[in-house]
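Laboratory data are not the source of any read-out in this text; all were calculated from the coordinates shown. Keep in mind that what you see is a predicted model, and the values were worked out from it rather than measured. Cβ sites come from the backbone with ideal geometry, for glycine too, and all protein chains shown count toward neighbours.
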There are 2 protein chains.
Amino acid sequence: MAIDPLGPASALAPTGHGVERVDTRYLEGLIGYNARRAALAVIEVFLARMAPYGLRPVDFSILSLITHNPGITARQLCATLGVLPPNMVGMVNRFDGRGLIERRPHPRDRRAHGLHLTSEGLALMIEAERTAEQLEKDVAHKLTLAQQQTLMDLLQKIYL
Amino acid sequence: MAIDPLGPASALAPTGHGVERVDTRYLEGLIGYNARRAALAVIEVFLARMAPYGLRPVDFSILSLITHNPGITARQLCATLGVLPPNMVGMVNRFDGRGLIERRPHPRDRRAHGLHLTSEGLALMIEAERTAEQLEKDVAHKLTLAQQQTLMDLLQKIYL
DNA sequence: TATTGTTATACTCTATAACTATA
DNA sequence: TATAGTTATAGAGTATAACAATA
């Protein structure tokens, strides 16, 4: 596809009038653009709904992985989520300071710690995951359940 | 869906062993997580392929909108892409300084400028959009063309 | 020699307040 | 009174280098 094959707008158009309606068709034909816009739209709702729990998207991802993988190490969280180790330290420290997780000695590596939810952390995550699931319903309300599954399957074919 | 309905991992599991394989099934069932991961995967390739043109994803989006909407204003770019006006200024200035665009007087509003590609900017964008289209083919190589279209349609139902 | 966790730090991205010129 | 563009600045997010303890 070449530059501007889509209708009247053209790089050589006369300059004597403004742009009435912005033509976004080119960008909307790119997977990366659509994925980024959809992610930002979901994140916007996420930030608002998770604010009562003090969880941003990455916080939720980390705590959810600890929830479903008790004993996971910081290094494993980094590898799974694409977070760099120096940036993980502060987040884990904050969860620890909030009493949501605890670091236990790792059974086979004295350099590492196994991360576990506290009972307070578990109580928070039960509510947070419930909120996340309601949020999914709301942001995807235009899609059937089958379409939602199709969407996730196709997205995973991009990034996995 | 409640906490950890997915198999052996549990918040109450014994701590005597590390996590062998990280269980990501819960997160992979969330649309927001999948959209963000896919967007980041595409952006990673984008950054590498567009580096020769000195274009980051938002730069490309802006110049592409100017390409297909000659005379568009900075305010319209902000509204379309979700960029805040103070953050748009520097980008437009850099494009101007690089000789890629020019600001012409707006025909009906003396506060605004109509943004237009220069011939250098057009030459760059022809190459950049060609690169973007090849990039699409590569990151979506596991999907048929029909699946790619389905993916974009479903994503747009989330954010539009 | 490589890896885990960590500190320090720099760079980029995003957000808020306030100003000017014009509508 | 509202809007387009702009400046200054603060905050969040992401990046690299280097170190101690352990593998």
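Each copy carries a label point for B:D138 at 7 Å from Cα toward Cβ; from one copy, the others' points are 3.9 nm away, ordered from shortest.
Cross-link partners of B:K137 among lysines, defined as those whose alpha carbon lies under 23 angstrom from its own and excluding same-chain residues fewer than eight positions apart: A:K157, B:K157. Between A:E20 and A:D153, full extension at 0.36 nm per residue minus the direct alpha carbon distance yields a gain of 44.1 nm. Using the Cβ-Cβ distance between A:N93 and A:I126 with R0 = 25 Å, the FRET efficiency computed as 1/(1 + (r/R0)^6) comes to roughly 0.60.
A label point on A:N87, set 7 Å along the Cα-to-Cβ line, lies at 1.4 nm from each of its counterparts in the other copies, closest listed first. With an 8 Å cut-off on Cα pairs and a minimum separation of 6 or more residues, tell me the relative contact order of chain A in percent. Dividing the mean separation by the residue count of chain A yields 19 percent. Shortest first, A:P105 label-point distances to identical copies amount to 7.9 nm, with the label point at 7 Å from Cα along Cα→Cβ. Within the stretch A:71-111, the trypsin sites (Lys or Arg not before Pro) that combine a DSSP coil assignment with at most 10 other C-beta atoms in a 10 angstrom radius are A:R108, A:R110, A:R111.
Within the listed set B:H68, B:H116, B:H17, the Gaussian network model of chain B (springs between alpha-carbon atoms below 10 Å) gives the highest mean-square fluctuation for B:H17.
Ranking A:I101, A:G121, A:G29 by Cα position along the charge dipole of the stretch A:27-159, where only Lys, Arg, Asp and Glu carry charges on their C-beta atoms, puts A:I101 farthest toward the positive end.
With unit charges on the beta carbon (Lys/Arg positive, Asp/Glu negative), name the residue among B:G54, B:L81, B:Q149 whose Cα is farthest towards the positive pole of the charge dipole of chain B. The residue sitting farthest along the positive end of the dipole is B:L81.
Charges at C-beta only: +1 for Lys and Arg, -1 for Asp and Glu. How large is the resulting dipole of chain A about its Cα centre, in Debye rounded to 20?
Values: 18 positive and 16 negative charges, 119 e Å.
The dipole of chain A has a size of about 580 debye.
Where the only charges are on Cβ atoms (+1 Lys, Arg; -1 Asp, Glu), what is the dipole of the stretch B:34-117 about its Cα centre, to the nearest 20 debye?
So the dipole magnitude of the stretch B:34-117 works out to roughly 160 debye.
For q values of 0.12, 0.18, 0.19, 0.22 Å⁻¹, compute log₁₀ I(q)/I(0) with the Debye formula on a Cα-only model of the stretch A:27-159, without solvent. Ignoring solvent entirely, the Cα scatterers give -0.56, -1.09, -1.17, -1.37.
Here each label is just a point 7 Å from Cα along the line to Cβ, and for A:R103 and B:S119 those points are 6.3 nm apart.
Segment B:E28..B:A79, full-extension length gain: 15.3 nm, with 0.36 nm per residue of separation and the alpha-carbon distance subtracted.
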